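Readers should treat all values here as calculations from the given coordinates under stated rules, not as data from a laboratory. The model shown is predicted, which means the values in this text are computed figures rather than measured ones. For neighbour counting, all protein chains shown are included, and Cβ atoms are generated from backbone atoms with ideal geometry for every residue, glycine included.
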Amino acid sequence: MIRIERTNSSNPDFTKLVELLNAYLEKVDGSDHSFYMQYNGIESLKHVVLAYENNIPVGCGSFKKYSEESTEIKRMYTNPESRGTGIASKILEELENWSKELGFKSCILETGKRQIEAVNFYKKMNYSIVPNFDPYHKMENSLCYKKTIL
């Protein structure tokens, strides 16, 4: 049984999952990791979604306002043993719905080219590649995506 919960960045389950995400990204991003980390602080995130399986936190995601029309999806992560079960889809759909409830028209996000699973996931979730937005416009490893959520 999967339970989806809306919360904020002060939730300790979110903090633990983000620590796992950061450890994974440190390996994948290599020398680019420090650049990305400056934009991945969680202290000010007010819109966080957690997924629980049998009351154990197994995945997370969040968003922040990017512009008057768009939210930026941040800190998406699913425990490796829970991947391929639809948890990430449920988290992202909840983030999109929450964004829509707040009056936003689209969601944008950035992921790294080396994160093949994430690239494939966002394509599956109908996100389209767009030109890299700030602060990623000069990062060769970055791919930026957008989805209209009207």
| remark: Only one of Glu110, Glu101 is out of contact with any strand residue (DSSP E or B) (no Cβ under 7 Å at 6 or more places or on another chain) and not polar (S, T, N, Q), namely Glu101
| said: Being surrounded by fewer than 18 Cβ atoms within 10 Å (Cβ to Cβ), in contact (Cβ under 8 Å) with a residue 24 or more places away in the chain and within 14 Å of the chain's Cα centre (by Cα) is true for just one of Met76, Met125. Which residue is that? | reply: Met125
| task | Would you be able to tell me the number of residues in region 50-97 that are among the β-branched types (Val, Ile, Thr), within 15 Å of Phe121 (Cβ to Cβ) and in contact with a helix residue (DSSP H, G or I) (Cβ under 8 Å, 6 or more places away or on another chain)? | result | 2
| field | Conditions (1) more than 21 Å from Tyr24 (Cα to Cα); (2) under 15 Å from the mean Cα position of the chain (by Cα); (3) surrounded by fewer than 15 Cβ atoms within 10 Å (Cβ to Cβ); (4) not small (Gly, Ala, Ser); number of the one not met by Cys107 | value | (3)
